[in-house]
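Working notes, structure below.
The values are calculated or read from the model by the stated rules, or taken from the named source; none is laboratory data. This one's a predicted model, so the numbers in the text were calculated from it and none came from an experiment. No Cβ is skipped: glycine too gets one built from the backbone with ideal geometry, and neighbour counts run over all protein chains shown. For accessibility, only protein heavy atoms count, side chains too; no ligands or nucleic acids. Shrake-Rupley method; radii C 1.70, N 1.55, O 1.52, S 1.80 Å.
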Amino acid sequence: MKEHPNRMPFKPQFFNELRGYNKQTFLKDLTAGVIVGIVALPLAIAFGIASGVSPTEGLITAIIGGLLVSLLGGSKVQIGGPTGAFIVIVYGIIQQHGIDGLVLATIMAGIILVLLGVLRLGTIINFVPYPIIVGFTAGIAVTIFTTQIKDLLGLQIANVPGDFLGKWQCYATNIHSIDWLSLLFALSTIAIIIVVPRINKKLPASLIALIVLTLASFIMEKMGLNRPINIGDNFAIGDVKLSFVVPAFSIERIQTLIPSALIIAMLGAIESLLSASVADGVIGAKHNSNTELIGQGIANIVVPFFGGIPVTGAIARTMTNINNGGKTPVAGIVHAIVLLFILLFLSPLTAHIPMATLAGVLVIVSYNMSGWRSFISLFKGPKGDSIVLVVTFLLTVLLDLTVAIGIGMVLAILILLKRVLDASKITLIDEKHQHIDTLKEPDLNLPKGVEVYEINGPFFFGIANRFEDIMSNRHQHLRARIVRMRRVPFIDTTAIHNLKTMIRLHKRENTQIILSGVQPSVLEVLEQTGVVQLLGRENITSNIGDARKRTLQFLRSNFPEEYPELVLPNKATIAPQ
């Protein structure tokens, strides 16, 4: 989303919406906020557990993070909280650096997000190619699904390996310990979430599945029947006591956690701005991307001090907010208050939620997140995009997101450079002075010993080396070369270096290079780098007609014996090309 250059980088949308706020708008926000809060409950609990923390931390993240994102963000309807995209990252950081490391990495990520907003880099999402976004999103979806197999099947496994292949090998080894009751509860959860929207799209399907199957598990326990494993079997659920967490700070620890902080910040920025952009398309508004980044950053700085995990904009909850009539950030604040009420007064009830039910919820989340239709459709496009997609996907699944995005970006840049290089051409004009492989132009009527070339496209390092090879092939009777640059939008240092080398070489051999149709921006660079001084301003012309005049003048002055017949025509020269 393009920002106006004079627009303040931090102007929370909440305060803009207070002007003219009325009772009708509040009622709509209240209704939407309550519904979103209810929908967010099972997701916050599931994301918390899957990330390697407790349900309480998941709820705290949704409450404090959701409140701050709505209060300080740049979107009217954005809902913030924990999301599935961070499950793999958070789990990995906890395994490697512990909870304390996660807290510090999240705070560092928050600071990075604030700096991105302050520096007006809210358009950062535009620089991440779509195949990379689809690839790592699908990879995260597959990884989330993989982490849920243990609870989905009720497998009796003490420690599940951290790597993707190790997990599946462990599952295959322990498949004999499958608990059919847990599988039944998981499949029932999935079925309810699929069927309920077909009956009424406004009903919170995940919450209904959670309530129905939690009641079923509770009744089975009271009747003395076997029941699936519940949250309370794995986590201590009691009175909520918020504590202030202060991580251990040290230069060495900060340096170690920089890669983790960068990936949290980058993923948070991408997901938040994507969510805000999607919301803009639905409600016909424009969010302030810099303010959104600052708001997200502040949320990620504050939440870890209360034990929470990374916060970002949640597309599914944001769309739920819009579909239920949410108009302003007040709806997001209401959603946070609803979750706070549940945490303070109903949290002991969460102990009875079956783990298999949460696994079923996350299976649906991973399916919706996979974007498999977009994944498949990219194979119909350019081959390079398909390669970037597959590489990013596989690296996300098999290694980690940091490596996947890094290599994906490098690969995308290399493919882009190849496309630019393929589109850039150096065209030789033959002895009749007509383009060999482009549209014919009027006869330039130049004598022998003069060659005309045209550079079509950016004059950068790739094409510059090709230019040097061509220009190094000097014929015995070559006296001048006209290089047309009317279609060169920019020039880089490699091209400048090669151009200077060619100018010096041609000067030693008394052969003149004349540039034609140089664009103002390129001419400015040539002046700053000394090319104009080296070549001579008279040899840089605005069009092919002036280049022709200068060439004939050079030949007449330096080779009168070779061109005795050379006389400049009295008629007007060729019009600028």
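Per residue, the accessible area of the chain comes to 46 Å² when a 1.4 Å probe rolls over the protein heavy atoms. Taking the Cα centre of the chain as reference, the dipole from Cβ charges on Lys and Arg (+1) and Asp and Glu (-1) amounts to some 1280 debye. Between Gly224, Ala314, Ser188, the Cα set farthest toward the positive side of the dipole of the chain (charges on each charged residue's Cβ, about the Cα centre) is that of Ala314.
The mean sequence distance of close C-alpha pairs (under 8 Å, at least 6 residues apart), as a share of the length of region 481-555, puts its relative contact order at 38 percent. Taken as Cα centroids, region 283-361 and region 89-108 sit 20 Å apart, rounded to the nearest whole angstrom. Sorted largest first by accessible area at a 1.4 angstrom probe radius, with every protein chain in place, the residues Glu468, Glu509 fall in the order Glu509, Glu468.
Quickly rank 544-555, 326-337 as a protection proxy: mean count of other C-beta atoms within 10 Å, highest first.
On the way: 544-555: 20.3, 326-337: 25.7.
Answer by packing, highest mean first, reads 326-337, 544-555.
The share of Cα pairs per 10 Å bin across the chain, counted from zero up to the longest distance, runs 3, 15, 21, 18, 12, 10, 9, 7, 3, 1, 0, 0 percent.
Hull surface divided by four, with the convex hull built on the Cα atoms of region 8-77: how many nm²?
5.5 nm²
Straight-distance candidates among the lysines for linking to Lys425, with alpha-carbon spacing under 21 Å and chain neighbours fewer than 8 residues away dropped: Lys440, Lys500.
Exposure check, 1.4 Å probe, all protein chains in place: Tyr367 carries approximately 120 Å² of accessible surface.
Of the accessible area of region 16-109, computed with a 1.4 Å probe over protein heavy atoms only, carbon and sulfur atoms account for 63 percent. Stretching the chain fully between Lys418 and Leu478 yields a gain of 18.4 nm (0.36 nm per residue, less the alpha carbon separation).
Relative intensity of region 264-387 on a log10 scale, I(q)/I(0) at q = 0.20, 0.21 Å⁻¹, equals -1.42, -1.45, per a Debye sum over C-alpha point scatterers of equal strength in the absence of solvent. The charge dipole of region 71-185, taken about the Cα centre with unit charges on the Cβ atoms of Lys, Arg (+1) and Asp, Glu (-1), comes to about 340 debye, rounded to the nearest 20. For the peptides 483-493, 533-543, the ranking by mean Cβ contacts within 10 Å, running from highest to lowest, is 483-493, 533-543. Region 22-85 and region 179-202 have their alpha-carbon centroids 23 Å apart. Shape summary of region 106-233, radius of gyration then Dmax from alpha carbon positions: 20.3, 62 Å. State the percentage of accessible surface on region 228-330 attributable to carbon and sulfur atoms; use a 1.4 Å probe and exclude ligands, DNA and RNA. Taking all protein chains in place, region 228-330 shows 63 percent carbon and sulfur surface.
Database remark: amide H of Ser516 closer than 5 angstrom to the amide H of Val483, Arg484, Met485, Thr541 (H placed geometrically; neighbours at sequence offset of 5 or more, or on other chains; Pro and chain starts carry no H). Whole-Hz Karplus values for region 10-15 come out as 10, 9, x, 5, 4, 6 Hz, taken residue by residue from phi with 6.51 cos²θ - 1.76 cosθ + 1.60 and θ = phi - 60°; glycine and proline positions read x. Over all other residues within a Cβ to Cβ distance under 12 Å of Asn321, the charged ones net out to +3, with Lys and Arg as +1 and Asp and Glu as -1.
Farthest towards the positive end of the charge dipole of the chain, among the residues Leu535, Thr493, Leu395, is the Cα of Leu535, using unit charges on the Cβ of Lys, Arg, Asp and Glu. Taking θ as phi - 60° and the Karplus parameters 6.51, -1.76 and 1.60, the scalar couplings of region 548-564 work out to 4, 4, 5, 5, 4, 5, 5, 5, 5, 7, 9, 9, x, 5, 6, 10, x Hz in sequence order, x denoting glycine and proline. Kirkwood radius for region 48-133, taken over all pairs of different Cα atoms as the inverse mean of 1/r, rounds to 14.5 Å. Here the peptides 347-353, 148-154 are ranked by packing, the mean other Cβ count within 10 Å, and the order with the highest first is 148-154, 347-353. Per-residue Karplus couplings for region 187-193, computed as 6.51 cos²θ - 1.76 cosθ + 1.60 with θ equal to phi - 60°, are listed in order as 5, 5, 4, 4, 5, 4, 5 Hz, Gly and Pro entered as x.
Helical content of the chain, expressed as a calculated mean residue ellipticity at 222 nm, amounts to -19500 deg cm²/dmol (DSSP H runs of 4 or more residues, -39,500 (n - 2.57) each, divided by residue number, nearest 500). All distinct Cα pairs of region 140-208 go into the 1/r average, and the inverse of that average, the Kirkwood radius, is 13.5 Å.
Grab the other residues whose beta carbon is less than 12 angstrom from that of Pro228, score K and R as +1, D and E as -1, and report the net.
Details: positive: Arg227; negative: Asp151, Asp179, Glu221, Asp233.
Charge balance in the 12 Å sphere: -3.
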